[in-house]
Amino acid sequence: MPRFTPEQVRRRQIVAGVLALLLVLAIGGCTAGLIGALRGGGADAEPRTQRGDFRADDAAMQLPETAADAAVLANLPERVELKPGEVMGIDVSAHQKDIDWQQVAADGVSFAYIKATEGSGFTDSHFAQNWAGAREHGITPGAYHYFTLCSPGAEQAADFLAAAPPDDAALPPALDLEFDGACDERPEAQHAQAEINAFTTAVEKAWGRRMVIYSSSQWRDHYGLPAADGRPAWLFSETTRPATSDWAVWQLRFDGTVAGIEGGVDIDVLRPEVLRETAAIAPGDGALEPDAATD
């Protein structure tokens with residue numbers, strides 16, 4: 001084994017130290033670049049900025065007209081015709097499985113209310129793909145939440161807003177009040193209404209619009225419907241138009257036929273101008289304050 005002089009050893013140590021330092025710098029630079037790439041950044045990436053407070057712009061919500069020869073019109077009740085200013089649509093969830101939104105649009109569907117969440121801790125497995133598919137093919141989407149009485153309204157609102165954040169071009173969010181889900185709780189009316197208030201207050205504050213309210217007859221018989229006061233109404237009527245004249249959305253059947261959807265689907269008619277008017281929240285009108293709980 002050859003031996004080195006002290007001077008040679010010192011020089012080798014200096015060279016080794018310099019090489020080690022260069023290696024550390026090189027690895028650090030590559031690591032930073034890799035992390036930046038994974039985060040969507042990099043040397044030329046735009047810095048991310050925090051979005052300001054959401055302000056609803058109802059003019060951004062546009063719905064395509066339903067053509068006079070649209071196939072979806074065949075779902076209307078006998079002797080009922082679509083009136084000027086009305087458009088045809090559907091409401092869907094994972095129950096419809098994978099939807100061919102191109103075919104749905106070709107049938108003349110103008111809008112789609114899409115299930116986003118149910119209770120707390122549950123996001124519909126098809127929500128994201130349904131939302132993207134509808135929008136890609138020119139169908140105006142809206143998100144709805146299936147409310148339950150088994151978890152706090154504030155928690156449900158947080159989950160809904162995480163899945164469906166405010167979107168100017170979308171329909172106002174909708175609230176579905178029924179007893180057909182997995183929750184068997186039936187608390188007293190005052191408690192139930194307090195949880196609904198917590199939900200609607202949080203969502204309406206975030207979206208800047210009043211929620212559309214749908215309810216089953218069983219829910220109304222049990223609790224009444226104070227949540228619907230002053231909000232857009234989504235009513236069901238199978239053979240005729242709704243008895244009242246102030247509805248914003250009319251659900252007319254659960255077993256409709258639309259190309260691109262396997263099996264039956266809910267069919268709806270929407271009046272865009274009524275929806276805009278009843279969902280609008282004027283600054284300072286107190287609409288975002290919790291409703292009074294009722295017995």
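Coordinate-derived values only; no laboratory data. Not measured: the values here are computed from a predicted model. Cβ atoms come from the backbone with ideal geometry, glycine included; neighbour counts cover every protein chain shown.
Is the shape of the range 74-178 best called rounded, prolate or oblate, per the rule: a/c under 1.5 gives rounded, else a/b larger than b/c gives prolate, else oblate, with a ≥ b ≥ c the square roots of the Cα gyration tensor eigenvalues?
Here the range 74-178 falls in the prolate category.
What FRET efficiency comes out for the pair residue 259/residue 217, r = Cβ-Cβ distance, R0 = 41 Å, nearest 0.05?
0.85
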Among beta bridges assigned by DSSP with both residues in the range 113-190, the antiparallel ones amount in percent, to the nearest 5, to 10 percent
Listed with the fewest Cβ neighbours within 10 Å leading, 87, 80, 258, 109 appear as 80, 87, 258, 109
The exposure ranking of 95, 126, 145, fewest beta-carbon neighbours within 10 Å first, is 95, 126, 145
A chain fully extended from residue 98 to residue 205 at 0.36 nm per residue, minus the present Cα-Cα distance, gains in nm 35.3 nm
Taking 253, 79, 186 and counting other beta carbon atoms within 10 angstrom, the fewest-first order is 79, 186, 253
In terms of the alpha carbon gyration tensor, root eigenvalues a ≥ b ≥ c, rounded if a/c is under 1.5 and otherwise prolate when a/b exceeds b/c or oblate, the range 138-295 is rounded
Distance in Å, no decimals, from the C-alpha centre of the range 251-268 to the one of the range 114-173 is 20 Å
Residue 65 and residue 154 label points (each 7 Å along its Cα→Cβ direction) are spaced in nm at 4.8 nm
So, relative contact order of the range 158-278 in percent, Cα under 8 Å, 6 or more apart, is 19 percent
